[in-house]
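Okay, structure first, notes after.
The values are calculated or read from the model by the stated rules, or taken from the named source; none is laboratory data. Not measured: the values here are computed from a predicted model. Cβ placement follows ideal geometry from the backbone for every residue including glycine, while neighbour counts extend to all protein chains displayed. Just the protein is used for accessible areas: all its heavy atoms, side chains included, with ligands, DNA and RNA removed. Shrake-Rupley method; radii C 1.70, N 1.55, O 1.52, S 1.80 Å.
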Amino acid sequence: MFVGCWLALVALIPMTLGTNPGVKVKLTSKGIEYGRQLGMALIQKKLKAIKIPDFSGKQKVKPIGSVRYSLTNLKIVDVGLPQSAVVLVPGTGVRLSIGNAFLRLHGNWRVKYLRIIKDSGSFDLNVKDLTITTSIDIKSDETGRPTVNSVNCVAIVGSVSIKFHGGASWLYNLFTKFIDKALRKTLQNQICPLVANAVSDLNSQLKTLNVVAEVDQYAEIEYSMMSSPTVSNSSIDFSLKGEFYNKGKHQEPPFSAAAFSLPPQINNMLYIGLSAFTANSAAFVYNTAGALSLYITDDMIPQGSPIRLNTRTFGTFIPQIAKRFPGLMMKLLVKTVKNPVVTFEPDNVTVQATATVTAYAIQPNTTLSPLFVLNLDSSVSAKVLVSGLRVTGAISLNKMALTLGTSYVGDFQVGSLDSFFQIVFKGVVIPQLNVQLAKGYPLPTLGKMTLVNTQLHVLKDYMLIGTDLQFTA
């Protein structure tokens, strides 16, 4: 992981057309600090991989004269990054700075002088006051996923000291005058490419972003970025499309997202605002796909109900049914006739649905004979939760109203069937819907991300999820 673990959330994907987003995300200073901690571990690992080439040459060293020397097998044995910071540059981007860093190296030395005298040993090298600064550029690739790269990197080596094990004191003069400068240059030339490589390595993680997330056989949800992120001194705010589509077919709904703003909360690392538009786009998709329909048979009716789905029972309310279709079982088809409407109010989610209920008599040859069609207007309340990386829900019936649409068995009083249909909807329809709602739909995720200390609040026109984050390797 790295600073890019949260930069991925900033650069979630390329621009898309539209006016208002369905989903908004805010990464707070707390989240940015967590990203910094992850990033330092990765950069430290990369710096340990610095490859220092062997040094060799010939120099005149007082009082010895001409000396042939070589430093070989230089290896990093320790890296320290005690100070680091990620600074948000309003309107620009992100700058990473590392200060007072140090490297410790170990290697072997060998010299030959006065033509015949040879000497050798080992040495320890300390590099102190190392500073690194870089900016991180965020773009989108051709798949609609973000890519990151390091730009304007500068690495400065403050001081270098060496301790030779074995050999004479004039070796220090050799190092100070000739080797020190070359070694500094070698280190400085390698550090920035390694930092750039660490940033570039994030791209494999960024490719795990679920830009288009599958929900089920009917739907998928798109989390593409609609505009560039807004960078302030303390947070990064960005807008996502947050729209459901029929799987494999992107058809826009006959409504658009309303503007909304996230509150200035900072207690959690991340805040996600899910608008009513997102929920209503889901209702549009499922209604368009014909998924909001359900056949109900007698075996689905609670056993304790005195009213059964057969023509004998219904004949007590509608005598024509028993006369014309004696001794037959019945079947109901409940089907929405227009898009359900989801409304978010403080601490309250309601869904208004308009449907028809068609009753059939099942003939001995299994053909269906229509009996009547009822118009149904219903209102349900929804409880919404975050479970893992998904938003889940459950509904309960508030009220329902039935009116007669069409009758194939003559006029009858619909009110006499109210009690039965209350049982059907509370005992059959709503439990069936809750099974699906419990499966939920995915939030935007990156790699092995886990949400921690998550809270959800329903506000006017949107739901607010506040959460901390954890990433595992």
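Descriptive notes on the structure:
- Boolean, SER381 is in the same structural domain as ALA291 (by the TED database), farther than 28 Å from GLY466 by Cα and at pLDDT 95 or above: no
- Selection status of THR131, modelled with pLDDT of 80 or more, under 49 Å from the mean Cα position of the chain (by Cα), surrounded by 15 or more Cβ atoms within 10 Å (Cβ to Cβ) and among the hydroxyl-bearing types (Ser, Thr, Tyr): yes
- Considered as a group, the residues in the stretch 86-111 that are open to solvent by less than 40 Å² (accessible area, probe 1.4 Å) and more than 31 Å from the chain's Cα centre (by Cα) include one that is farthest from VAL160 (Cα to Cα), and that residue is VAL111.
- Matching residues in the stretch 272-285 - criterion: being part of a helix (DSSP H, G or I), of a type in the set (Val, Ile, Thr) and within 21 Å of the chain's Cα centre (by Cα): THR278
- Whenever a residue of the stretch 185-203 is assigned by the TED database to the domain that holds LEU103 and over 14 Å from ILE98 (Cβ atoms), its partners that are in a helix (DSSP H, G or I) and modelled with pLDDT under 90, lying with C-beta atoms within less than 8 angstrom and at least six residues away or across chains, give the pairs ASN197/LYS46; ASP201/LEU42; LEU202/GLY4; LEU202/CYS5; LEU202/LEU7; LEU202/ALA8.
- Residue match in the stretch 406-415 (condition: open to solvent by less than 20 Å² (accessible area, probe 1.4 Å) and in contact (Cβ under 8 Å) with a residue 24 or more places away in the chain): yes
- Residue count for the stretch 158-198, restricted to those that are modelled with pLDDT of 75 or more and assigned to a loop (DSSP other than H, G, I, E, B): 2.
- Strands (runs of 3 or more DSSP E) completely within the stretch 372-473 that count 3 or more residues being among the small types (Gly, Ala, Ser): 390-407
- The stretch 314-337 - residue that is under 52 Å from the mean Cα position of the chain (by Cα) and open to solvent by less than 20 Å² (accessible area, probe 1.4 Å) and, of those, nearest to ALA359 (Cα to Cα): LEU332
- Members of the stretch 432-473 found to be farther than 17 Å from PHE277 by Cα, of a type in the set (Val, Ile, Thr) and open to solvent by 10 Å² or more (accessible area, probe 1.4 Å), listed by number: VAL435, THR445, THR450, VAL452, THR454, THR472
- One residue from THR343, THR297, THR288, THR311 being in contact (Cβ under 8 Å) with a residue 40 or more places away in the chain and more than 36 Å from the chain's Cα centre (by Cα): THR311
- Within the stretch 289-305, if we keep just the residues that are touching a strand residue (DSSP E or B) at 6+ places or on another chain (Cβ under 6 Å) and of a type in the set (S, T, N, Q), the residue that is farthest from GLN352 (Cα to Cα) turns out to be THR297.
- Considering residues of the stretch 286-313 that are part of a strand (DSSP E or B) and of a type in the set (Val, Ile, Thr) only, the residue farthest from PRO442 (Cα to Cα): THR297
- Residues in the stretch 223-249 that are closer than 13 Å to TYR286 by Cα and surrounded by fewer than 21 Cβ atoms within 10 Å (Cβ to Cβ) were compared, and the one that is farthest from the chain's Cα centre (by Cα) is LYS249.
- Single condition LYS60 does not satisfy, out of (1) under 30 Å from LEU114 (Cβ atoms); (2) at pLDDT 85 or above: (2)
- Of the residues LEU385, LEU368, LEU376, the single one that is open to solvent by less than 50 Å² (accessible area, probe 1.4 Å) and either in contact (Cβ under 8 Å) with a residue 60 or more places away in the chain or under 23 Å from PHE420 (Cβ atoms) (or both) is LEU376.
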